[in-house]
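Single-structure report; data block below.
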Amino acid sequence: MGAFALDLDRTLIAEDGVLRPRTREALARTRATGTHVVVVTGRMFRAVRPYLEQARLDDLVVCYQGAVVADPATGEFLLHVPIPLAEAREAMDAVLAAGFHLNCYLDDLLFVAEVTPEARAYADFQHLEIHAVGDPAALDELEAELEPHFAGRLFISKSLPYFLEFAHPDVSKGSGLEFVADRVGFRPQETVACGDGENDRELLDWAGFGVAVANAHEDVLARADLVVPSVQEEGVAVLLEAYLDSLA
């Protein structure tokens, strides 16, 4: 019994945040064969759970770039690898000093210092409540500046062109998927992974077969064994339908 490990944003769903019927049905039909379908995302658990329900997916889900693995049926966090407090404070200071808006996540809730337009845009994008306490090119520059400073102390990667994310240094989508594989029982050579963003590199590297949607970052396209149509053309549905046809 193998597995599909699938990114969410710009892979399964486009910028409108809608899981379209063709993709939803392909996911459900694939899971119904007994094949594992693992969503691997940078999103919070509460922000991805509705999509799992829509597609009738009951496998464990990888969230927060691999820092959390959760059971969608119970909501239990089976794996939780937070950023050490000292590094978290240092990273927060660095981001704010560079003039960027900061989101902080604790207990699967979103916290911000103030409700700015950036905070509202992020919360609306993921249908989240804000608990009050950018530019893609500018984020590229910030990433290049902070990566050497936090080397070995934090995992830093862009999830979307306008989101730069920080996590524990041992965390990646690949490490989260490995936790699921060990617990559920599938191997890299039995796994097909599909993604689009820079934070999907470790995901494709872990899997035995890597797939990129046509709208993927150039580095992900270069890693992929196969390129499927873009998210707008529901490339993952095309991939899963081909798999289902092979079983017929």
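The values are calculated or read from the model by the stated rules, or taken from the named source; none is laboratory data. Quick caveat: nothing in here was measured; it's all calculated off a predicted structure. Heads up, the Cβs are rebuilt from the backbone with ideal geometry, glycines too, and the neighbour counts pull from every protein chain shown. Accessible surface is based on the protein model in full, side chains and every heavy atom, while ligands, DNA and RNA are left aside. Shrake-Rupley method; radii C 1.70, N 1.55, O 1.52, S 1.80 Å.
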Problem - Residue tally, condition open to solvent by less than 60 Å² (accessible area, probe 1.4 Å) and either in a helix (DSSP H, G or I) or in contact with a helix residue (DSSP H, G or I) (Cβ under 9 Å, 6 or more places away or on another chain) (or both), over the range 105-118 - result: 4
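Matching residues to (1) farther than 21 Å from Phe4 by Cβ; (2) of a type outside the set (A, V, I, L, M):
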{"residue": "Val48", "(1), (2)": "no, no"}
{"residue": "Tyr51", "(1), (2)": "no, yes"}
{"residue": "Asp58", "(1), (2)": "no, yes"}
{"residue": "Cys63", "(1), (2)": "no, yes"}
{"residue": "Gly66", "(1), (2)": "no, yes"}
{"residue": "Thr74", "(1), (2)": "yes, yes"}
{"residue": "Val95", "(1), (2)": "yes, no"}
{"residue": "Ala98", "(1), (2)": "yes, no"}
{"residue": "Cys104", "(1), (2)": "yes, yes"}
Completion exercise
Of the listed residues (Val69, Val40, Val62, Val95), the one being farther than 22 Å from Asp200 by Cβ and of a type in the set (Val, Ile, Thr) is Val95
Practice task
Could you pull out the residue among Ala151, Ala193, Ala144, Ala181 that is modelled with pLDDT of 85 or more, part of a loop (DSSP other than H, G, I, E, B) and of a type in the set (Gly, Ala, Ser)?
Solution key: Ala151
Practice task
Enumerate the pairs (first residue in the range 46-58 and open to solvent by 10 Å² or more (accessible area, probe 1.4 Å); second residue anywhere and assigned to a helix (DSSP H, G or I)) with beta-carbon separation below 6 Å, excluding pairs fewer than 6 apart on the same chain, so at least 6 apart or on different chains.
Solution key: Gln54/Arg24; Arg56/Ala28; Leu57/Arg31
Fill in the blank from the handout: Among (1) within 20 Å of Arg20 (Cβ to Cβ); (2) of a type outside the set (S, T, N, Q); (3) assigned to a loop (DSSP other than H, G, I, E, B), Asp245 falls short only on (3)
Problem - Index of the failed condition, Val211 passing every other in (1) crowded, with 16+ Cβ neighbours inside 10 Å; (2) in a helix (DSSP H, G or I); (3) touching a strand residue (DSSP E or B) at 6+ places or on another chain (Cβ under 9 Å) - result: (2)
Practice task
Select from the range 154-174 the residues that are open to solvent by 10 Å² or more (accessible area, probe 1.4 Å), of a type in the set (A, V, I, L, M) and in a loop (DSSP other than H, G, I, E, B) and list them in ascending order.
Solution key: Leu154
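A quick yes/no check of all residues on (1) within 13 Å of Ala237 (Cα to Cα); (2) modelled with pLDDT under 95:
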residue: Phe4; (1), (2): yes, no
residue: Gly17; (1), (2): no, yes
residue: Pro21; (1), (2): yes, no
residue: Glu25; (1), (2): yes, no
residue: Thr33; (1), (2): no, no
residue: Arg56; (1), (2): no, no
Exercise for the section: State all residues of the range 1-11 that are over 23 Å from Gln189 (Cβ atoms) and either open to solvent by 10 Å² or more (accessible area, probe 1.4 Å) or among the polar types (S, T, N, Q) (or both); if no residue qualifies, say none. Expected result: Asp9, Arg10
Exercise for the section: Can you run down the residue pairs with Cβ atoms below 7 Å, 6 or more apart or on separate chains, where the first is in the range 200-229 and farther than 21 Å from Phe179 by Cα and the partner is open to solvent by less than 10 Å² (accessible area, probe 1.4 Å) and of a type in the set (Ser, Thr, Tyr)? Expected result: Val213/Thr11
Handout entry: Top-ranked residue in the range 214-242 [being part of a helix (DSSP H, G or I) and open to solvent by less than 40 Å² (accessible area, probe 1.4 Å); ranked as nearest to Ser172 (Cα to Cα)]
Key = Val220
Exercise for the section: Return the total of residues in the range 175-203 being of a type in the set (A, V, I, L, M) and open to solvent by 10 Å² or more (accessible area, probe 1.4 Å). Expected result: 2
Completion exercise
Only one of (1) under 30 Å from Val37 (Cβ atoms); (2) open to solvent by 50 Å² or more (accessible area, probe 1.4 Å); (3) acidic (Asp, Glu); (4) at pLDDT below 95 does not apply to Glu90, and that is (1)
Handout entry: Asp135 vs. criteria buried (at least 17 other Cβ atoms within 10 Å of the Cβ), of a type in the set (Asp, Glu) and at pLDDT below 95
Key = no
